[in-house]
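The structure appears right after this line, and notes come after that.
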Amino acid sequence: MQALDPKSTPIGIVGLGFMGSAISAHIVAAGYDLSGFDIDRQRLEILLAKGGRAASSAREVAEQAAVVLTSLPSLAAFEDVIRGPAGILSSRREGLIVMECSTLAVEDKKRAHDDLAAAGMSMLDCPISGGIRASEKDLVLYGSGEQATYDRCLPLIESFSRANYYLGEFGNGMKMKVLANLLVAVHNVSAAEVMVLGMKAGLDAELIYQVMNNSSGRSRMLEVRGLRMVKDDYDNPTMKVKIFQKDLKIIESFAASLNCPTPLFTSTNQVYLSALAMGLGDKDTASVCAVLEQWAQLKRK
C-alpha cells in the first residue's frame with residue numbers, strides 16, 4: 001500500500017481544541033491540503049489563519065479527505081462525529097481512513113471501528129501523549145489497527161509527532177495511553193506533594209523546582225507543570241481538571257475490568273476530586289498543588 005503523499009493527499013481533522021489545533025498547524029506546515037471542522041467558530045478561524053480550510057461538518061470533512069483525524073474531548077462528541085446526522089458515517093465515503101486520536105474507552109472506539117468497517121471505511125486507534133507541548137511537536141503517538149493502513153499513514157503521523165509506536169491489534173494504542181495517563185496523574189500529584197512539603201519546610205518554590213529537575217527524582221510532570229506550581233498560576237490551562245476527569249475514569253474502569261489493583265492511582269484520584277470540590281475544575285491540573293497546600297495549611301508569603 002502506497003504511503004501518503006503530501007502533494008496529492010487531502011487530509012481532514014475534526015476537533016480543533018488544544019491538541020487538534022497544534023496538530024493541524026504541523027500538518028499544514030508539512031505541505032498537506034487540510035480541511036477541518038469544530039463546533040467553535042473561533043477555532044475554525046485559527047485554522048484558516050494557519051493555511052487550512054474550514055468545513056461545515058464532520059461529514060463535509062470526510063467527503064473532502066482521504067484521511068480524517070479525530071481529536072475529541074468526550075464520548076458524546078465522538079458519537080456525534082461518527083454517527084450523528086452530519087457525521088463521518090453519513091458521508092458514505094468508502095476507502096476513507098479515520099485516525100482516532102482521542103482518549104476514549106477501548107470498547108467505545110471498537111464499536112465505531114466495526115461500524116466504519118461495515119461502511120467500507122477503516123479506523124486506526126491512535127491516541128497521543130504529550131499534549132502540553134503539542135505546538136513544539138513533542139508528541140508521541142500510540143498506533144494500533146491494520147498495520148498496512150498504519151504504515152501508509154506514517155508520513156502524516158511523522159509530520160506532527162516526534163515519535164510513534166505501532167502496537168498491534170486495534171485497541172492496544174488506547175491501552176498504552178491508559179498506562180501513560182496513569183503515570184501522568186500520579187507524577188503530577190507527586191510533583192505537587194514535593195513542592196508543598198518543601199515550601200512548608202521553608203525552601204523557596206523556584207529553588208525546589210530547579211534542584212529537583214536536576215535530580216534523580218525528576219519527572220516530565222514536574223518539568224512541565226512545576227513552573228505553574230511555583231508561580232501559583234493555574235489559568236490558561238493546557239488540561240483542565242474537569243476535562244481530565246474523563247481520563248481518570250477511563251483508567252479506573254480499565255484497571256477494574258482486569259481486577260488489577262492501582263493503590264497509588266486510587267490515592268491520587270482523591271486529590272483531583274478535591275480540586276473539583278474546591279472549584280478548580282476550569283484550572284490547569286497543576287492546581288492539585290493548591291489542593292495539597294490547603295490540606296497542609298500552608299500559606300505562601
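Please treat every number below as a calculation from the coordinates, not as lab data. Quantities reported herein were computed from a predicted structural model and do not represent experimental measurements. Positions of Cβ are generated from backbone atoms using ideal geometry, with glycine treated the same way; all protein chains shown enter the neighbour counts.
Under 5 Å from the amide H of Leu124 lie the amide H atoms of Val98, Met99, Glu100, each residue being 5 or more positions distant or on a separate chain, with H modelled from the backbone and absent for Pro and chain starts.
Relative to the longest principal axis of the Cα atoms of the chain, helix 147-160 runs at roughly 60 degrees. Residue by residue, region 35-41 carries 3J(HN,Hα) couplings of 10, x, 9, 8, 6, 8, 4 Hz when phi is fed to the Karplus relation 6.51 cos²θ - 1.76 cosθ + 1.60 (θ = phi - 60°); x denotes Gly or Pro. Positive end of the dipole of region 10-170 (Cβ unit charges, origin at the Cα centre): among Ala55, Pro73, Ala117, the Cα lying farthest that way belongs to Ala55. For the chain, a Kirkwood radius taken over Cα pairs fed into Stokes-Einstein (37 °C, viscosity 0.692 mPa s) yields D = 163 µm²/s. With the convex hull drawn around the C-alpha atoms of region 175-295, the volume per residue stands at 104 Å³.
Projecting the Cα atoms of Ala277, Ala205, Ile157 onto the charge dipole of the chain (Cβ charges, centred on the Cα centre) puts Ala205 farthest toward the positive pole. Here the peptides 251-263, 233-245, 92-104, 29-41 are ranked by packing, the mean other Cβ count within 10 Å, and the order with the highest first is 92-104, 29-41, 233-245, 251-263. Taking the longest Cα principal axis of the chain as reference, the axis of helix 106-118 is set at about 10 degrees. At a Förster radius of 41 Å, what calculated FRET efficiency corresponds to the Cβ-Cβ distance of Leu264 and Ser135, to the nearest 0.05? After rounding, the FRET efficiency stands at 0.85. Extending 7 Å from Cα along the Cβ direction at Lys246 and again at Ala118 yields two label points whose distance is 2.4 nm. When only the Cβ of Lys, Arg, Asp and Glu is charged (+1, +1, -1, -1), the dipole of region 204-300 relative to its Cα centre reaches about 140 debye. Reported to the nearest whole Å, the Cα centre-to-centre distance from region 1-73 to region 160-225 is 30. Only Lys, Arg, Asp and Glu carry charge here, each on its Cβ (+1 for the first two, -1 for the last two); on that basis region 179-258 has a dipole of about 240 debye about its Cα centre.
Suppose the chain between Asp233 and Ala86 were pulled fully straight at 0.36 nm per residue; how much longer would it get relative to their current alpha carbon spacing? Let's see the in-between values first.
Details: separation 147, 0.36 × 147 = 52.92 nm, distance 3.97 nm.
That pair, Asp233 and Ala86, stretches by 49.0 nm at full extension.
Angle between the Cα long axis of helix 172-200 and the longest principal axis of the chain, 0 to 90 degrees, nearest 10? Taking the Cα atoms of the chain, the angle to 172-200 is about 20 degrees. Once the Cα-Cα distance is subtracted from the 0.36 nm per residue extended length, the Ser8 to Asn213 segment shows a gain of 69.3 nm. The 3J(HN,Hα) values that the Karplus relation (6.51, -1.76, 1.60; θ = phi - 60°) gives for region 233-246 are, in residue order, 10, 10, 7, 6, x, 8, 8, 6, 4, 5, 6, 5, 4, 4 Hz. Gly and Pro appear as x. Annotation for region 123-192: trypsin sites (Lys or Arg not before Pro) lying in DSSP loop with at most 15 further Cβ atoms inside 10 Å of their Cβ are Arg162.
State to the nearest 20 debye the size of the charge dipole of the chain about its Cα centre, where the only charges are +1 on K and R beta carbons and -1 on D and E beta carbons.
Details: 32 positive and 34 negative charges, 117 e Å.
Taking the Cα centre of the chain as origin, the dipole is about 560 debye.
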